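Some notes on the structure that comes next.
What follows is calculated from the coordinates using simple rules that are stated; it is not laboratory data. Keep in mind the model is a prediction, meaning the values are calculated, not measured. Note that each Cβ is placed from the backbone with ideal geometry, even for glycine, and that neighbours are counted across all protein chains shown.
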Amino acid sequence: MKTKMYTLQKLKTSAKLNAKILLISFLFIAALSAVEGFKGFGLQVGEQGTGVFFHQSWRSSSNLQWLFHGSIFDVKGDEQLMVYDYYTGQYRSVGDKYVLIVPLFGGGKYFPFADKIANNFAPFVTVQFGPVLTIDGAESDKFSTRWGKSKGLWSFGGYAGVGIDFLMVNGMMVSAGAGLDILPMNGVVDGEKHYNGAIIQIGFNWLR
């Protein structure tokens, strides 16, 4: 009886924490939306897999911008292979990891050469951190079963990297960057305690 009560209390505490994290993230995004800056989306490729991201930024000074960065990252297995299934006559993936990682990071971009080089070329360094939602899918070839029985885990992680903003016409901007994702897991997810790794990003932005 005591074990059941402890488990129920633990679930309630976890649910409250998740709700607080989502609320803080929503308020942070809303605050960013109300301030002039850039918003955009992009693609990322890393040691652990591939993903897409959305971000918003606003200017604090000529050298500094604050930003929000949210992404969906599809983890790939180290031994993932495509094999031919003679029974179905189709190729299928084996050795894959059914793990989705959703970082919700806030941070800053620092431009060390602001006002020193051409305005359409802006190198920067960035540091970001925040909550990370990891969705661990069930081992199944059926999409509905795999994600219908998935587990969600929260942790905190970060990102540090460098990049360049290229200002284009009509308020457009293309960003290219590379860095290190720091993604510790709250426990063991598909045999791994973390999904840290190098990552390359390219984003397309516009004034909002």
### Summary
So, over other residues within a Cβ distance under 13 Å of Thr134, counting Lys, Arg +1 and Asp, Glu -1, the net charge is -2
## Note on the structure
In nm, the gap between the two label points placed 7 Å beyond Cα toward Cβ at Asp115 and Ser60 is 1.7 nm
#### Entry: Theoretical gain in end-to-end length, Val102 to Ile72 [0.36 nm per residue, Cα-Cα removed]
10.3 nm
### Query
Working out 0.36 nm times the residue gap between Leu153 and Ile200, then minus their Cα-Cα distance, what length gain in nm do you get to one decimal?
14.4 nm
### Task
Subtracting the Cα-Cα distance from 0.36 nm times the residue separation, let me have the gained length for Val162 to Leu180 in nm, one decimal.
5.5 nm
